[in-house]
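The values are calculated or read from the model by the stated rules, or taken from the named source; none is laboratory data. This one's a predicted model, so the numbers in the text were calculated from it and none came from an experiment. Reconstructed Cβ throughout: ideal geometry from the backbone, glycine too, with neighbour counts over all protein chains shown. Note: accessible area is taken over every heavy atom of the protein model, side chains too, but ligands, DNA and RNA are not part of it. Shrake-Rupley method; radii C 1.70, N 1.55, O 1.52, S 1.80 Å.
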Amino acid sequence: MDSNRRKFLKLAGLGAIAGVAAPSAFNSLLKGEAIASSGGHAESAGHGGHAAAAPTGKQYGLVIDVKQFADTPGLGEHCIRACHSLHNVPDFGNKKDEIKWIWIEKYENAFPEHSNYKRNADLHKMPIVTLCNHCSKPPCVRACPTKATFKNKDGIVMMDFHRCIGCRFCMAACPYGARSFNWRDPRGKNEIGKPFISRINPDFPTRTRGVVEKCNFCSERLAKGLQPACVEAAGGAMIFGDLNDPGSEINKVLSEKFTIQRKPSLGTNPSLFYIL
Amino acid sequence: MPMYDMNKILPGLIIFAGLMTFPIWYNSGNAGAVPKPEKPTNAKECVRPTDYMRTSHMVLLNEYRDAVVRDGERGAIKDAGGVEYDEKSLMLGCMKCHVSAKKFCDECHTYAAVKPYCWECHIQPKETN
């Protein structure tokens, strides 16, 4: 009897030690990885080498020239309209239910890692146009239990709406707030009878209540050899291209200009670069 | 052997037989109304043999869906003036020939009592007349 109890306590003790030790060992492993990949964007500009997608594949990315957006009032909004009307993104008229594929962020919210102490006041007024970062190490993809969100052959973080079960793990995982949940029926109307999608584009499906959505880098336009709608609307303030193609225009710009990424230290390897 | 109450038993039997077979003759009129999905006017043939389409169009739609969404293969894309037939798309493929979901898809689906949820997101072509 007694020896049985001893055995039991020993085993329980071992179990507890394993339980405490394993996660911390795991954590330090994770940290090691994060540090290794937090070399920031100087290294990420080269990209690909340690990407989640096949390094031989493409990784589409974007350079956003913030100054041009600041100098041209309404340009950001113009890009948003181009995207949202094309993709039937509903406007529920309130922040809580908001669905956004591309939006304008305040400088201090977009780049919280950069010190705001004694910063040039103009910087805080800069409209930071932002969208899904199509990270080469996307945490949302890891979080998705159904593989509804995945990295496609062009390096685009895609949503397969047919598989989305609306669990919102991906929203919790995304550090950029690039994902929105449909709390309401996007085909519905508000109290005064105004439809949430003012004019439906018959060439692109809407979504339903209960699915998560986000930017698809206009994969339907890329297939036709067109640029993403926001890039077309931005008229030069955005440069789109394959970060894994050494000869691409975007790589040329990245090698010449000083750019920053959003929250690079998280190790997600964002594919969006900002000229400030 | 004397028959008791024949005048009651016989009508009773007839009513009983009628009630038992009610489902059969009640539906006989409807079962005859085979669905007649509208034929496209702009094409003679479907993207696959008609027999295959009749039984397996949902399989083909799933293949299209996975090819487009997961593998990024949208198939041929319409060029400037030419008619493009095999775009892997429900709205931009199938419905360019089958111009009415009501007179085509629903015609069969109502009969077969299936209600695909695709149209909650995919957009049906505008119904003319």
May I ask you to list the residues in the stretch A:212-251 that are aliphatic (A, V, I, L, M), within 14 Å of chain B (Cβ to nearest Cβ), surrounded by fewer than 24 Cβ atoms within 10 Å (Cβ to Cβ) and not in a loop (DSSP other than H, G, I, E, B)?
A:Leu222
Could you tell me how many of the residues in the stretch B:87-111 are among the hydrophobic types (A, V, I, L, M, F, W, C) and open to solvent by 60 Å² or more (accessible area, probe 1.4 Å)?
1
Among the residues of the stretch A:135-151, is there at least one that is closer than 21 Å to A:Cys79 by Cβ, within 14 Å of chain B (Cβ to nearest Cβ) and of a type in the set (Val, Ile, Thr)?
no
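Hey, among A:Leu276, A:Leu254, A:Leu272, A:Leu266, which residue is at pLDDT below 95 and buried (at least 17 other Cβ atoms within 10 Å of the Cβ)? Outline the logic, then answer.
On the way: A:Leu254 fails: at pLDDT below 95; A:Leu272 fails: at pLDDT below 95; A:Leu266 fails: at pLDDT below 95.
Answer to the selection: A:Leu276.
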If you check A:Asn190, A:Asn182, which single one turns out to be under 26 Å from A:Gly93 (Cα atoms) and within 11 Å of chain B (Cβ to nearest Cβ)?
A:Asn182
